[in-house]
Each structure stands twice: as structure tokens, then as C-alpha cells.
Amino acid sequence: MAAKAAEPRRPPVVVLVLDEFPTDSLTGPGGHIDGRRFPGFAALARDATWFPNAWSIYDSTPQSVPAILTAKVPIGPQPPTWRRHPQSLFSVLAGAGYGMRAFEEASRVCPPRLCPRTGTYGQTRQNVLFRRPKRLRRTIASIRPRRRPTLYFHHSLLPHVPWSFGPSGRGRQGFEPGTLPDFSAPAGFGAPSLTDHNQQRHLLQVGFVDRELRRLLARLRATGLYRRALVVVTADHGISFERGRRDRRLATPANLHEVAPVPLFVKLPGSERGAVSDSYASTVDVLPTVAGALGVRLHRPVDGRDAFGAGAAARTGVTMVRRDFSGRIRLGAAQMERRRTLERSRRAVVFGTGSWQRLFAIGPRPELIGRTVASLPSTAPGTGRARFAAPRGLSAVDRLAATLPTWVAGRISSPAADGSHELAVGVNGTVRAVGRSFRLAGDPREYFSLVYPESALVAGRNEVALYEVKGEPPALTPLGSAR
């Protein structure tokens, strides 16, 4: 009884803000969460209210994250600091008696007196390149019953590039950094095959995020806080996989259906009953929604509304501030849904649904996946040769390691006359991935980049071979191998 009496009156609050995460990365062609690939998000949706039409107000992190924290629409470039944003989620909950366990990866909206500047707090470049999982897990591990109500806040630069993690929780290594161009840079969105490859790696990293979400939910349950907690999961903006884009997240009238929609899940205190709301809730609604759930007053005007209220329900579409603040881009609900439906259908055709194994068959000749190289017709090596980019880790694989060599990339020395080769990757004698070579914008060289499943590897020494696929029935022509 004494322990129960010591519990704080107000519930714990958990807010997880993800980054560069379009809602429809989670969904199948019907708009429902793909529960086989993303069981964590599906589990949260069973206990929370999911807002599948939720959208971000801005397309770049330095302004979109403060918009979430302050419920204010950005009107111009401002430093993402507490001095410029005096009313925020942090100051409001501190005023209601909450303690803070917070980490901002790309902003400093929480005042230093509430959130000590430890480690790489607010250092965007360091945080996007190094130890993203470790910092998120540190925040999750800090969740526990406390005598004082506590806000647990974490902005994670996931599933933001670089795309280097998979659904198993392991990292993906393949070659020495700097030996090849950055295929996820704007130049990497010119070739259709590379655009699909980039989206493939993005989806695999969304699978990693799902695993971390399951870790968060398990921690809340293990500490006995889950039912009492107010849990919010959202993201700052999406990403466009439109081919030929110069900026993967620059919002335009043509790609608003990819850049604007972001996940938004709200589990209210004391509730474990899932619901789906059709409201066009916005990221600026997060603070008013939290305040409304807690019965906390906002002392300054805000642009957002409680996502459960009439203000959010009355919206009839999406309005995003242009990157240069010159105006706004608007898209009505009917047109938004029509575009999203088409994009979901396209993605399901390319990447499939359900099993992750389907994701490795995104190139031509998917019927080769799982076939042994020895069982397929072959031709003698020609003039084309694969030059692997300093392959790493294949000679001594530890299946339990934190990172595994599941990515092979490099150049093809004799470029194809028509611009690309159909390719297959054999791992230890079995075809595990198919794809197509590509060129980057402004670069005449021909490259290859393919990922394959961890299950293809064995403990110890492994061999990865690249083949060109030609003819009917398909025959394999060796291009080279790495060990």
C-alpha cells in the first residue's frame, strides 16, 4: 500500500519523435499496417488511436521538430533552441510538476535547467552518423516508476539516412566508408533501379525502428507503467522516393503525398483500446493533445489543436509550409487519398508485403531467388568485371555480431551499352538477391549495390559472387566474387 500511495498523481508521458518517416512505409495496399513486417506498430495500434491521415507542417528537421514541441507553425528560419521557443512540451510539463528524461538529437528546445546538455545533445551531424540505437535504448532503459511524474522524450534520427540497420536489430556493413559515392544522396534518385534500392534499404531500416518500438513497449509493460502511461509516437516529416528528385524530402505539389504524411499514435492514460481516427491531425497538434489528456493549461497561443477535438476533425486536407517560407502547399483529402492509394499499390508490386524475404527480390528475375548457382545455366566470363569496393567482414563472420556483411557494392569495369546489367548475387552458392546496375547523375561509371538477407551467411568464411543475368532461360555470367 505504501508503494501505491507514493505513485505520482499524473501519469508518465512518453513521446518518441522519429525522423524522415512517411506513414505509408508501414502500410500495405489497403492502407492497413503490415503487421507481419511491423508487429510493433501493429501492437501499438491495437492499444492506441492511430491517425493514418496525420501530416507534418514542414519538411526539414530544424523547423519541423520545434513545431512538434511548440505547436507553432514555422514562419521563417529560426534556431531550434529554447530561447526562440519559450513555450514547449518541456516547459509546459515542467510547470505541471514533471521531471525530464529527454534527448534531442537535432534541436535544443528544452531549457538547460530542465535537460542537461550531456554527450551529443542537439549535435545533429554526430547524432545522425553515430550510435543512434544506443542513445534511443538509453532513453528506453531510463523508464521506470518514479515518485515524480516524468516526461520521457526522445527524438531519434531514425529511420533517417544512412540506411544501415535491418529488422533483426543488426547493422549492415559491406565495404569501407568513402570507397564509393553516397548512393542515398540526391544523385542516387536518378536511376529507377537505384531509387528502388534506396527505398528497399529505407524499409529495412523501418523494420529496425519497429524492433526498437517493441523494446519501448516491452519496457513500459515490464515496469508496470504501460496502462497508466500517455504514449505518443510520431515523426517530423516523410521522404519522397519520386525518381529524379534533387532533394528526397523537399515538399512539392507533386510529392506532398509522400513528404507530408507521418505516423501519429496516441495511447491515452488508462486506455488499452485501439481506434483509428480519420482526422487530418497535424504534428503541431501533439502538444495540445498531450495538454488536453493531462488537463494542463497552455499559457501562450498555439496553432495546433487537440487531435481528439473538433478542430482537427474539421480539417479537409493537408497544408505544408514551403521550404523557403514563400507560401504553403495544399492538397485536399480526396486527392491526397487517391495519390496515396496509387503509391501504396505501386510499392506493394515492387516490394511485396508480409515476409521480409520478398524485399530481396525487387529486381528483374525474382524467380532466381533461392536457386543454387550450380542448378542454373551459365556462360563463360566476358569482358565485364565487377570491382568490389573493399569488402569487409566476409572472411570471419560471427552470426551473433552487432553488424553483418549483408551489402555488396562496387563498379562494373565494362559498362553495358544500354546503361545497365541485370544482376544476381550468389551467397555461398545460392542466389540471394537480384537487381540492376545503375549510373549516378553526371557520372558515366556503372555501379552495383545490392543487399541480401542475414540468413544467407554462415559462421566463418563466406563467398559472395556477382553475376550478370542474360537470356531465356536465364543464364549466369560471372562478374567477380568477394571473400
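The values are calculated or read from the model by the stated rules, or taken from the named source; none is laboratory data. Given the structure is predicted, the values throughout are model-derived calculations rather than measurements. Note that each Cβ is placed from the backbone with ideal geometry, even for glycine, and that neighbours are counted across all protein chains shown.
Scanning region 431-468 for residues being of a type in the set (S, T, N, Q) and either touching a helix residue (DSSP H, G or I) at 6+ places or on another chain (Cβ under 6 Å) or over 22 Å from SER375 (Cα atoms) (or both) gives a total of 2. Of all the residues in region 371-391, those that are within 30 Å of PRO181 (Cα to Cα) and small (Gly, Ala, Ser) number 5.
From the list VAL209, VAL290, VAL276, VAL286, exactly one residue is touching a helix residue (DSSP H, G or I) at 6+ places or on another chain (Cβ under 6 Å) and either of a type outside the set (Lys, Arg) or surrounded by fewer than 24 Cβ atoms within 10 Å (Cβ to Cβ) (or both). Which is it? Can you show your working first?
Numbers: VAL209 fails: touching a helix residue (DSSP H, G or I) at 6+ places or on another chain (Cβ under 6 Å); VAL290 fails: touching a helix residue (DSSP H, G or I) at 6+ places or on another chain (Cβ under 6 Å); VAL276 fails: touching a helix residue (DSSP H, G or I) at 6+ places or on another chain (Cβ under 6 Å).
Answer to the selection: VAL286.
Scan region 405-424 residue by residue and report those that are touching a helix residue (DSSP H, G or I) at 6+ places or on another chain (Cβ under 9 Å) and farther than 21 Å from PRO181 by Cα.
First, the residues of region 405-424 that are touching a helix residue (DSSP H, G or I) at 6+ places or on another chain (Cβ under 9 Å): 406-407, 420, 424.
Within region 405-424, ALA424 is the sole residue that qualifies.
Out of all the residues in region 368-380, which are outside any loop (DSSP other than H, G, I, E, B) and at pLDDT below 95?
SER378
Evaluate the following for THR118: is it over 19 Å from GLU20 (Cβ atoms), of a type in the set (Ser, Thr, Tyr) and at pLDDT below 90? Yes, satisfied.
Mind checking which strands (runs of 3 or more DSSP E) fall wholly inside region 251-335 and carry at least 3 residues that are within 30 Å of ASP47 (Cβ to Cβ)? If you could, list the steps in order and put the result at the bottom.
Numbers: elements: 264-267, 317-321, 328-332.
Of the strands (runs of 3 or more DSSP E) lying wholly inside region 251-335, those with at least 3 residues that are within 30 Å of ASP47 (Cβ to Cβ) span 264-267, 317-321.
Please determine whether any residue of region 149-159 is among the aromatic types (Phe, Trp, Tyr), in contact with a strand residue (DSSP E or B) (Cβ under 9 Å, 6 or more places away or on another chain) and closer than 28 Å to GLY442 by Cα. Show your work before the answer.
At the first step, the residues of region 149-159 found to be among the aromatic types (Phe, Trp, Tyr) are 152-153.
If we keep only those that are in contact with a strand residue (DSSP E or B) (Cβ under 9 Å, 6 or more places away or on another chain) too, we end up with 152-153.
Those left that are additionally closer than 28 Å to GLY442 by Cα: none.
Scanning region 149-159 turns up no residue that is among the aromatic types (Phe, Trp, Tyr), in contact with a strand residue (DSSP E or B) (Cβ under 9 Å, 6 or more places away or on another chain) and closer than 28 Å to GLY442 by Cα.
The condition of being more than 16 Å from the chain's Cα centre (by Cα) and crowded, with 18+ Cβ neighbours inside 10 Å does not hold for ALA141. Please state which one of THR316, THR372 is hydroxyl-bearing (Ser, Thr, Tyr) and in the same structural domain as ALA48 (by the TED database). One residue alone meets the criteria, THR316.
Looking at region 293-300, can you tell me whether even one residue there is among the charged types (D, E, K, R), in the same structural domain as ARG330 (by the TED database) and crowded, with 24+ Cβ neighbours inside 10 Å? The answer is no, given that none of the residues of region 293-300 is among the charged types (D, E, K, R), in the same structural domain as ARG330 (by the TED database) and crowded, with 24+ Cβ neighbours inside 10 Å. Test ALA260 against the criterion of being in contact (Cβ under 8 Å) with a residue 40 or more places away in the chain and surrounded by 20 or more Cβ atoms within 10 Å (Cβ to Cβ), and give yes or no. Judged against the criteria, ALA260 is a match.
Selection of region 40-79 for residues being surrounded by fewer than 17 Cβ atoms within 10 Å (Cβ to Cβ) and closer than 16 Å to VAL233 by Cα yields only ARG46. Meeting the requirement of 3 or more residues that are assigned by the TED database to the domain that holds GLY274 and out of contact with any Phe, Trp or Tyr (no Cβ under 8 Å at 6 or more places or on another chain), the helices (runs of 4 or more DSSP H) wholly within region 1-84 are 39-47, 61-70.
Does region 310-319 contain any residue that is basic (Lys, Arg) and in contact (Cβ under 8 Å) with a residue 60 or more places away in the chain?
no
Taking region 132-180 only, how many residues are of a type in the set (Phe, Trp, Tyr) and under 17 Å from CYS110 (Cβ atoms)? Can you show your working first?
The first filter runs over region 132-180 and keeps only residues of a type in the set (Phe, Trp, Tyr), leaving 152-153, 163, 165, 175.
Next, from what is left, pick out any that are under 17 Å from CYS110 (Cβ atoms): 152-153.
Qualifying residue count, region 132-180: 2.
Taking region 425-446, which residues are in contact with a strand residue (DSSP E or B) (Cβ under 7 Å, 6 or more places away or on another chain), without any contact (Cβ under 8 Å) to a residue 40 or more places away in the chain and not hydrophobic (A, V, I, L, M, F, W, C)? Selection gives ARG445, GLU446. Given the structure, is ARG248 at pLDDT below 95, farther than 30 Å from ARG147 by Cα, crowded, with 23+ Cβ neighbours inside 10 Å and touching a helix residue (DSSP H, G or I) at 6+ places or on another chain (Cβ under 9 Å)? When the stated conditions are applied, ARG248 passes them. Among residues of region 417-458 being modelled with pLDDT under 95 and surrounded by fewer than 17 Cβ atoms within 10 Å (Cβ to Cβ), the one that is nearest to ASN198 (Cα to Cα) is ALA441. Condition first: within 25 Å of the chain's Cα centre (by Cα) and closer than 29 Å to ARG131 by Cβ. Can you find one or more residues in region 416-437 that meet it? Yes: one or more hits.
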